[in-house]
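Novice: Quick one: this structure, given as structure tokens, is what I'll be asking you about.
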Amino acid sequence: MLMAVLATARAEDKTLSVQVREAPVRASPAFIGRIVADLSYGDRVQATEQKAAWVKVAAAGGVSGWVHQSALTEKRIVIGAGSADVATGASSGELALAGKGFNSDVEAQFKAQNRDIDFTPVNRMERARITQEEMTAFLKEGGIGRTTEGGAQ
């Protein structure tokens, strides 16, 4: 209980920056939570609460909701006119893979060592985009719902 209180206290009144190209703001602290807004690379937010790996944020324009902590940093990101910062921003998927030791150099080395593998299906999957409505319908059809902790059951 004390740890939960301390985690919440640490998150309060902390200004953070979005460190990925696009960070969905969700109504609940879960990847299956409804998306209420999107934040962009460099956007500044005020952390007001934390539950496990989710941070409740308040942003410009009255935006409020939950963002996964992997999309946020304490560093201030400054984007100047004509800057290459936006072009080099990592997606949340790229950030997750980098955390596991996977990057473009590792991918290139793997492809060079496995020239007989056809990566066309993988490339096609990487380009696939699923809307929030499609995800919600899929979860509903499969009988998947949220637990009280915000995860799936």
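Novice: Can you work out ³J(HN,Hα) from phi for every residue in the range 22-37, in order, using Karplus 6.51 cos²θ - 1.76 cosθ + 1.60 and θ = phi - 60°, giving whole Hz and x for Gly and Pro?
Specialist: Karplus values, whole Hz, x for Gly and Pro: 9, 10, x, 9, 10, 5, 9, x, 7, 5, 9, x, 4, 7, 9, 6.
Novice: What do you get for GluC sites (Glu not before Pro) in the range 13-79 restricted to DSSP loop and a cutoff of at most 11 other Cβ within 10 Å of the site's Cβ?
Specialist: Answer in residue order: GLU74.
Novice: Would you list MET125, MET135 from fewest to most Cβ contacts within 10 Å?
Specialist: Exposure proxy ranking, most exposed first: MET125, MET135.
Novice: Among the lysines, which have Cα under 25 Å from the Cα of LYS111 when same-chain residues fewer than 8 positions away are ignored?
Specialist: LYS100
Quick note: the coordinates plus some simple rules give every number you see, no bench work behind them. Nothing here was measured: the structure is a model prediction, and the numbers come from that model. Ideal geometry is used to build each Cβ from the backbone, glycine not excepted, and the neighbour counts take in all protein chains shown.
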